[in-house]
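A quick write-up on the structure given underneath.
The values are calculated or read from the model by the stated rules, or taken from the named source; none is laboratory data. It should be emphasised that the depicted structure is a prediction, and the values quoted were computed from it without experimental measurement. Backbone-built Cβ (ideal geometry, glycine too); neighbour counts: all protein chains shown. To get the accessible areas, we keep the full protein, side chains included, count just its heavy atoms, and leave off ligands, DNA and RNA. Shrake-Rupley method; radii C 1.70, N 1.55, O 1.52, S 1.80 Å.
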Amino acid sequence: MVSGLVMVAAAAYMYLAPQLPSAETYRNVQLETPLRIYTADNRLIDEIGNRRQPLTFGEIPEVMRNAVIASEDPGFYSHPGVDIKGLMRGFWGFVRGVNLGGGSTITMQLANNISFDNDNVYLRKFKEIPFALQIQRELSKEEILALYLNLIYFGAGADGIGAAAFIYYGKPAGELTLPEAAMMVSLLPCPSPCNPLADPERARERRNRVLDRMFNQGMIDRQQLADAQAAPVTAERHGRNIDVPAPFVAEMVRQQLYAEHGEETYTQGFEVVTSIDGDKQLAAKQALTNGLEEYYDKRHGYRGVDAHYESSDVDPTAGWLQELLAVPVYGNQHPAIVAEVGDRSLRVLLKDGELINLEWNEMRWARPYISQNNAWPPPQTASDIATVGDLIRVKQIDGKWHLGQIPDVQGAVVSVSPTSGEILTLVGGYDFGRSQVNRVLTARPPGSNFKPFVYGTALEQGYSAASTINDAPITRSGYRPNNYDNTFLGPITLRFALQDSRNVPAVRLFDQLGSDAVIAFASKLGIDTSNFPRGDLTVALGSQDVQPLQLVSAYATIANGGFRVEPRFIREIRNLPDGVIYRTQQILACGGDCALYENSVTDNADPDQAQPVPRAERILDARVAFILNSMLRSVVVEGSGRGVQRALNRSDLMGKTGTTNGPQELWFSGFNRDIVTTVYVGFDQPRPLGESEQGATVAVPIWIDYMREALKDMPERTMPRPDGLVDRLVEKTTGRPARPGEPNTMFEYFRVENEPDAPEDEPAGITPDGENSEVSIETLF
């Protein structure tokens, strides 16, 4: 029988030999290194793909080598790569329908790991035998064992023992103890369901069986066996030392690399340096998370507990802890189960086993949610909020635990540099683990956030900020817009119309300019207008969908003085074999202030290829951009965005709120010369946010919280004033030229070709001194 099997094996080898991989293919199997993504200052954002830290045979501890041999292949050093007796035993067991143990050696497992991925299970097994024999001839036993332990999957994203030792125990493989090495080997047959992170008790039992085999093989003595089997399970997930969590950015990087490199994205050791500013990214994430929770969600009432668990009469805590293990933390919201209910307090169990108290002041906000406009009545006792066994959410504020809840509402924050177009921060939602939709790239109606493009078109066509537009009823094709306060003011200046976000003047101006002109203006600033309907007056009020990334880029053109910038988030890509394979071409968007910014965009350039940085394309007259800057400054000083000025008290901030019908979307886009930031808030499935909501109630406070940190220690900086402008005294309401000493006047900017005639009895060319008017235009900056 044996001779017959030998003859069959020989014939099979002769047939299969030409199909087997060449020696170089498996001798030089590339050990995988995951994609790593970094901030601009080289702080780790994410690591995607299985980690593999290759080790030489000498770096693998003896206890690990013994454990894997005892468990997987006791005859490793004596057989020629294939265990004939083991194969016969396995085949006989298969025929009888009983498990008599497998015949797969370490060498055969290695053969399977490095080839035959596309074969069916029977053909793969058949090919393993001749391939294992070939490996045995080509490699030493030490090389085979080292290659096996570097390639085998240990679960939890760890390929190879080097990565597994770090992920499970946070240490190099050379420092693994006997029970830890046995635990690692116990994972090999079922790395996912059997690992100690998923099922510690099952993993402990499997570890102890490996230790029994080591004892039976004489590799350890009885005392070592007893001590190791008594050792507790100490494995826990050790993170990848993420410095700046930015999963939405990481996913954008992953998608771009995958489109170019396919599966090699996760194995070739790609390292991507992004344009993300680490500190600003952390501030943006915190501002959005806290803002959605505090500025919106809590104000609309408590939607109730997440679930309820019945308690055991013997030890309810143990059962609850098991339930909590499966419940993730989202945003700031930690899961907790109510253990005791007092008159005005709750005692709750956290997933780490700690019992904490929630006092009345930290939960009295929980009025029952009825609708977006109604939450009532206020709770009187803690039992109005929760009962024993309820799963609730809690968050920590200044060291105290508060009742919380996961917001239904979503949002986004994105910042760019108006000088380079680089994305500085990007947060695409409340929590990536809860929803992977990137709302920075999701188009929604921007409402009044679109109005600056209407007024920019007017300025480009010869209007001035002092030109008047009639705030009076208008009807076109059955459409009759209204102002938010249901009033009409008559003729008002464009500056005031934008400052106060009046709808009717914006629609009337859009009608005068023509939809083609406004849409063309928005398009050249980077707004995708391909689906904008022509002749639709609602476009003036931001009725058409626009991505936040497009909006922030368009506002960047206003901020930098009229230069088109394309948003970019990758600075450099390198991999292990080739080093740097891509470096972005920097651009400089600047007018009279280029000297301030040249160094900032050349820091990451290759010093051996240093060249003058190309200038961005000018798409907007600098004077139009400057006047539009000043109009958006008025919004922040006196208009719908005045909360920004009150909170931050800087002279270089400009911006515009946005609120759509319903309201269903809330926006604020604001900037100085160095940072442009757009904030969006809304439900993923559009529905009203509540009658009292507007851009100023939620989006503006989030913007303020972020920009307070982003602008910390940064000097105030605005677009420099270009040549070709004059200042003239005008009456603030009507925009007509005024005389010194008249009340309610201000100095307004005009392009020289649009300079208004001086009032009668006043010499032309009067210059502003700020003494005879209520407002000097210079005070806006």
In whole angstrom, the spacing between the Cα centers of the stretch 166-186 and the stretch 509-533 equals 63
Counting only protein heavy atoms with a 1.4 Å probe and every protein chain in place, the carbon and sulfur fraction of the accessible surface of the chain in whole percent equals 49
State to the nearest 20 debye the size of the charge dipole of the chain about its Cα centre, where the only charges are +1 on K and R beta carbons and -1 on D and E beta carbons.
1620
Value of relative contact order over the stretch 642-720, rounded to a whole percent, pairs C-alpha under 8 Å and six or more apart:
32
Need the C-alpha centroid separation for the stretch 46-86 versus the stretch 224-259, integer Å.
22
Roughly how compact is the stretch 498-556, stated as its Cα Rg over 2.2 N^0.38 Å to two decimals?
1.09
Net charge of Cβ neighbours under 15 Å - reference G353; Lys, Arg +1; Asp, Glu -1
-3
So with the 1.4 Å probe, I'd like the accessible area per residue for the chain, rounded to whole Å².
43
Classify the stretch 626-773 from the C-alpha gyration tensor, please: rounded if a/c falls under 1.5, else prolate or oblate depending on whether a/b exceeds b/c.
prolate
Under 1.5 on a/c is rounded, so check that first for the stretch 234-294, then, if it is not, pick prolate when a/b is larger than b/c and oblate when it is not; a ≥ b ≥ c are the square roots of the alpha carbon gyration tensor eigenvalues.
oblate
Among residues other than E566 whose Cβ falls under 15 Å from its Cβ, what is the net charge (Lys/Arg +1, Asp/Glu -1)?
+3
Students often get this wrong, so try it: which of (1) 1.23; (2) 0.96; (3) 1.62 is Cα Rg over 2.2 N^0.38 Å as calculated from the structure shown?
(1)
Can you list which of the GluC sites (Glu not before Pro) found in the stretch 294-373 are DSSP loop residues with at most 13 other C-beta atoms within 10 Å?
E310, E354
Might you report the magnitude of the Cβ-based charge dipole of the stretch 608-661 about its Cα centre, with Lys and Arg at +1 and Asp and Glu at -1, to the nearest 20 debye?
260
Local charge sum around D674 (other residues, Cβ-Cβ under 10 Å, Lys/Arg +1, Asp/Glu -1)?
0
Could you tell me the convex hull volume per residue, in Å³, taken over the Cα atoms of the stretch 35-79?
128
Expressed as an acute angle from 0 to 90° and rounded to the nearest 10, what is the orientation of the C-alpha long axis of helix 622-638 relative to the principal long axis of the chain?
90
Distances over 24 Å make up what percent of all Cα-Cα pairs in the stretch 201-343?
66
Just from its helices, what would the mean residue ellipticity at 222 nm be for the chain, if runs of 4 or more DSSP H residues each count -39500 (n - 2.57) and the sum is divided by every residue, rounded to the nearest 500 deg cm²/dmol?
-9500 deg cm²/dmol
Trypsin sites (Lys or Arg not before Pro), restricted to the stretch 491-538: which are DSSP loop and have at most 15 other Cβ atoms within 10 Å?
R534
For W320, the accessible surface traced by a 1.4 Å probe with all protein chains present amounts, in square angstrom to the nearest 10, to 10
GluC sites (Glu not before Pro) within the stretch 648-710: which are DSSP loop residues with at most 15 other Cβ atoms inside 10 Å?
E691
For the chain, what relative contact order do you get, as a whole percent, if you take Cα pairs closer than 8 Å and at least 6 residues apart?
11
Tell me whether the stretch 274-321 comes out rounded, prolate or oblate; compute the Cα gyration tensor, take square roots of the eigenvalues as a ≥ b ≥ c, and use a/c under 1.5 as the rounded threshold.
oblate
What lysines does K712 reach when the alpha-carbon gap must be under 23 Å and sequence neighbours fewer than 8 apart in one chain are set aside?
K280, K285, K656
